[in-house]
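A.B. asks: Here it is, the structure in full.
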Amino acid sequence: MNYFKTAILLAGMTALFMGLGAMIGGQSGMLIAFVVALGMNVFTYWNSDKMVLRMYGAHEVDERSAPEYYGIVRELAQRAGLPMPKVYVIDNAQPNAFATGRNPQNAAVAASTGLLQSLTREEVAGVMAHELAHVQNHDTLIMTVTATFAGAISMLANFAMFFGGSRDRDNPFGVVGTIAMMIVAPLAAMLVQMAISRTREYAADRRGAEICGQPLWLASALNKISAAAKRIPNMEAETHPATAHMFIINPLSGARMDNLFSTHPNTENRIAALQQMGSEFRGSTGGLSPSVSPPASSKASGPWAGGAGRAQGGPWGGGGSRRRGPWG
């Protein structure tokens, strides 16, 4: 079903792209846009994940370079019945994360250094379970393709605005239609992003909570990430706003009216839904602990540094005193 939705999405984005091409160059512009869109469809299917990871300067890590972080993702993937995804770190102070890839067999998850340094081990597990839920639900292809096309549509609309559109007789829309299309096309792409992200975030929250077994871990993480994202800018996301819907929390500051059409559901509503789910979990599983925050003293040196049974050597661990995992 998700592949059908992706095909519909690609068709809609292609139509928008062709419409803008017609604005700029009439029928010939529409034909060129159609050819370009076909090429983009093929290219984004195979390479959009690599493009997004490259945008954010993500670097791949493994069990040797990031044992705690990698181990959490591995255990969560096993619990979800998923192939082990590639694991990336983004050197960015804003705590955030996203998943990408055309299918579970070619998936990747990425977390920022800010997230790994400011969240507890349990909260990181909640976040990465959410991202793996996107992988399991086949959301990653839709979200990544949407980001690529939305960026291209916005760029082409700006190009049309700069050159004023086609004044050829074969432009069936006229000057008024050209101006309207230049405004409507980016808005339409933004609305598609909103519709996809808002519906899929709630589903990924629920499935992620099921994967990690503790809805309140994710609820606590969302609260922290949302507060920090308002204070800490993500300059790469500001440069590439079309990718904002891929993150677990909107990475944009809102300084450029980015929050006018938010791609994410209200964080408080998401937290409330997870808290309700936490109550259901406690009632059905014999009472999982409602506490997700360790004592303040255990947070001083990063989510996994210091404390009995924690790995030493920084926020991503190392050493031999590892716990059995985020649930052990």
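The values are calculated or read from the model by the stated rules, or taken from the named source; none is laboratory data. None of these values were measured; they are calculated from a predicted model. Note that we place each Cβ from the backbone using ideal geometry, even for glycine, and neighbour counts take in every protein chain shown.
A.B. asks: Can you find, within segment 88-104, the residue that is farthest from Thr140 (Cα to Cα) among those that are modelled with pLDDT under 95 and over 12 Å from the mean Cα position of the chain (by Cα)?
C.D. replies: Pro104
A.B. asks: Sticking with this one: Which is at pLDDT below 75 and more than 25 Å from the chain's Cα centre (by Cα), of Ala7, Ala37, Ala11, Ala33?
C.D. replies: Going through Ala7, Ala37, Ala11, Ala33 in turn, the sole match is Ala33.
A.B. asks: Looking only at segment 222-244, filter to residues that are among the hydrophobic types (A, V, I, L, M, F, W, C) and touching a strand residue (DSSP E or B) at 6+ places or on another chain (Cβ under 9 Å); which one of those is surrounded by the most Cβ atoms within 10 Å (Cβ to Cβ)?
C.D. replies: Ile225
A.B. asks: Looking only at segment 58-65, decide whether some residue is without any contact (Cβ under 8 Å) to a residue 12 or more places away in the chain and either farther than 27 Å from Tyr45 by Cβ or in contact with a His (Cβ under 6 Å, 6 or more places away or on another chain) (or both).
C.D. replies: yes
A.B. asks: Scan segment 219-253 for residues that are within 20 Å of His138 (Cβ to Cβ), of a type in the set (A, V, I, L, M) and in a helix (DSSP H, G or I) and jot them down.
C.D. replies: Met246
A.B. asks: Please tell me if Val109 is more than 17 Å from the chain's Cα centre (by Cα) and of a type in the set (Val, Ile, Thr).
C.D. replies: For Val109, the condition - more than 17 Å from the chain's Cα centre (by Cα) and of a type in the set (Val, Ile, Thr) - is not met.
A.B. asks: Also, I was wondering about something else. If a residue must be farther than 20 Å from Thr44 by Cβ and assigned to a strand (DSSP E or B), how many such residues does segment 90-138 contain?
C.D. replies: Residues flagged as farther than 20 Å from Thr44 by Cβ and assigned to a strand (DSSP E or B) within segment 90-138 amount to 4.
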